[in-house]
Amino acid sequence: MELRYTAEAVICDLDGTLVDSAADLCAALNEILADLKLHTIKLDEVRAMIGDGVLKLIERGLAGAGGDAGQASSLVAKFLAIYEADPTRHTHCFPGVVDTLAALKSQGCRLGVVTNKPIVATEKILDSLELKKFFEIVVGGDSLPQRKPHPGPLLEAARRLKLQPSDVVMVGDNIHDVEAARGAGMRSIAVTYGYHHQPPKTFGADNLIDQFEELLPLIEIVSARNRMPIATIPLSRNSIHSVK
């Protein structure tokens, strides 16, 4: 029998969880590399470089193109200027994301985003893809001194929502999402699609899901007022993996 989690809020990662942004990140990275006379990086390679913030993406891109990864910090501002000018040219939501967020919100679930992507690009993506209306709070990679896997951003999200971490479930595609959730005292659900550097089954998440819509049967929304369930969605997916 699959696990089900009572929660007042769900916090989502952005890249690789809600949206597929790899093509736009790849284009910005390759523009940087071209200026340095380095060879371009393929999209599949870039997918494996995403998840740890802009600096790490550039470092990995430089290394993959045969350049000097030590130059990365001096290229961050240039990369952001290119990327933030139009971060949704090729970016789109993963299947089931919009309908699932709408269903959760309609049932009283509070929603937030915690990402390692800079806040300016994050807000532009949420606005452009009409996702912002679902989220009460957004914490970006430069909103705090710490980024995931540090638990600080998740604890800040709980603070802004005025909730205990135990009342929140984190959903992400990277081991850093799981590690941050564990450090913050939150439960975690990992998606098996997205961008990751190791098999999701090794993350140590409380559950794995193959599609974002499979989140619905796992969340039992509770009212902050009386701590009793206010919505129960029947289990219906066979591809949800309990890894407890």
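The values are calculated or read from the model by the stated rules, or taken from the named source; none is laboratory data. Keep in mind that what you see is a predicted model, and the values were worked out from it rather than measured. Note that we place each Cβ from the backbone using ideal geometry, even for glycine, and neighbour counts take in every protein chain shown. Remember, those area values only see protein heavy atoms, side chains included, never the ligands or the DNA or RNA. Shrake-Rupley method; radii C 1.70, N 1.55, O 1.52, S 1.80 Å.
From the P(r) of region 1-130, could you give the percentage of C-alpha pairs in the tail past 24 Å? Let's see the in-between values first.
Working: 2887 of 8385 pairs.
Taking all Cα-Cα pairs of region 1-130, the fraction more than 24 Å apart is 34 percent.
Give me the percent of accessible area attributable to carbon and sulfur for the chain, probe 1.4 angstrom.
Here it works out to 51 percent.
Which angle from 0 to 90°, rounded to the nearest 10, does the C-alpha axis of helix 152-161 make with the longest principal axis of the chain?
Once rounded, one gets 50 degrees.
Stick to Cα atoms and the Kirkwood definition of Rh, then tell me Rg/Rh for region 102-215. Please report the intermediate quantities before stating the final value.
Numbers: Rg = 13.4 Å, Rh = 14.4 Å.
Looking at region 102-215, the ratio lands at 0.93.
Taking every eigenvalue of the Cα gyration tensor of region 14-63, multiplying by 5 and rooting it, what semi-axes result, largest first, whole Å?
In descending order, the three semi-axes are 19, 11, 8 Å.
Could you work out the relative contact order of region 1-151? I mean the mean sequence separation of Cα pairs under 8 Å and 6+ apart, divided by the number of residues, in percent.
29 percent
For the chain, what does the helix formula give at 222 nm: sum of -39500 (n - 2.57) over DSSP H segments with n ≥ 4, over the residue count, nearest 500 deg cm²/dmol?
Using -39500 (n - 2.57) per qualifying helix, the result is -10500 deg cm²/dmol.
Among 205-217, 94-106, what's the highest-first ranking by average C-beta atoms within 10 angstrom per residue?
Numbers: 205-217: 20.9, 94-106: 17.0.
Answer by packing, highest mean first, reads 205-217, 94-106.
What does the accessible area per residue of the chain come to in Å², with a 1.4 Å probe and no ligands, DNA or RNA counted?
43 Å²
When the Kirkwood radius is taken over all Cα pairs of the chain, what Stokes-Einstein diffusion coefficient follows at 20 °C and 1.002 mPa s, in µm²/s? Walk me through the intermediate numbers first.
Working: Rh = 18.2 Å.
Using the Kirkwood radius from Cα pairs, D works out to 118 µm²/s.
Go through 42-50, 159-167, 27-35 and give me the packing order, highest mean Cβ count within 10 Å leading.
The densest-packed peptide leads the list: 27-35, 42-50, 159-167.
Write down, largest first, the equivalent ellipsoid semi-axes of region 23-99 in whole Å, where each equals the square root of 5 times an eigenvalue of the alpha-carbon gyration tensor. Numbers along the way, then the final one.
On the way: eigenvalues 103, 33, 25 Å².
With the √(5λ) rule applied to region 23-99, the semi-axes are 23, 13, 11 Å.
Taking the alpha-carbon distance from LYS42 and a cut-off under 17 Å, which aspartates and glutamates remain once sequence neighbours fewer than 8 residues away in the same chain are dropped?
Excluding near neighbours in sequence, the set is ASP20, ASP24, GLU31, GLU59.
Any idea how far apart ALA34 and SER166 come out in nm if each label point goes 7 Å out from Cα toward Cβ?
Going from the ALA34 label point to the SER166 one covers 5.4 nm.
Full extension from THR6 to VAL120: what is 0.36 nm times the residue separation minus their Cα-Cα distance, to one decimal in nm?
37.8 nm
Given charges of +1 on the Cβ of Lys and Arg and -1 on the Cβ of Asp and Glu, with all other atoms neutral, how large is the dipole of the chain about its Cα centre, in debye to the nearest 20?
Taking the Cα centre of the chain as origin, the dipole is about 660 debye.
Could you pull out every one of the lysines with an alpha carbon less than 20 Å from that of LYS132, ignoring same-chain neighbours closer than 8 positions?
Filter leaves LYS105, LYS117, LYS124, LYS162.
Two decimals is fine: what is log10 I(q)/I(0) at q = 0.12, 0.19, 0.20, 0.27 Å⁻¹ for region 68-128, from a Debye sum with one equal scatterer on every Cα and no solvent?
-0.44, -0.85, -0.90, -1.20
What full-extension length gain, to one decimal in nm, is calculated for HIS90 and ALA63 as 0.36 nm per residue of separation minus the Cα-Cα distance? If you can, show how the numbers build up before the last one.
Values: separation 27, 0.36 × 27 = 9.72 nm, distance 2.47 nm.
Between HIS90 and ALA63, full extension yields 7.3 nm more.
Could you give the semi-axes, largest first, of the ellipsoid that matches region 54-171, computed as the square roots of 5 times the alpha carbon gyration tensor eigenvalues and rounded to whole Å?
In descending order, the three semi-axes are 29, 18, 12 Å.
Suppose each label sits 7 Å from its Cα in the direction of the beta carbon; what would the HIS150-GLN71 distance come out to in nanometres?
In this crude spin-label approximation the distance works out to 2.9 nm.
Where both partners of a DSSP beta bridge lie in the chain, what percent of those bridges are antiparallel, to the nearest 5?
Bridges in the chain that DSSP calls antiparallel: roughly 20 percent.
Each label point is 7 Å from the Cα along the Cα-to-Cβ direction; what then is the distance between the points at ARG159 and LYS132, in nm?
Placing both labels 7 Å beyond Cα along the Cβ direction yields 2.4 nm.
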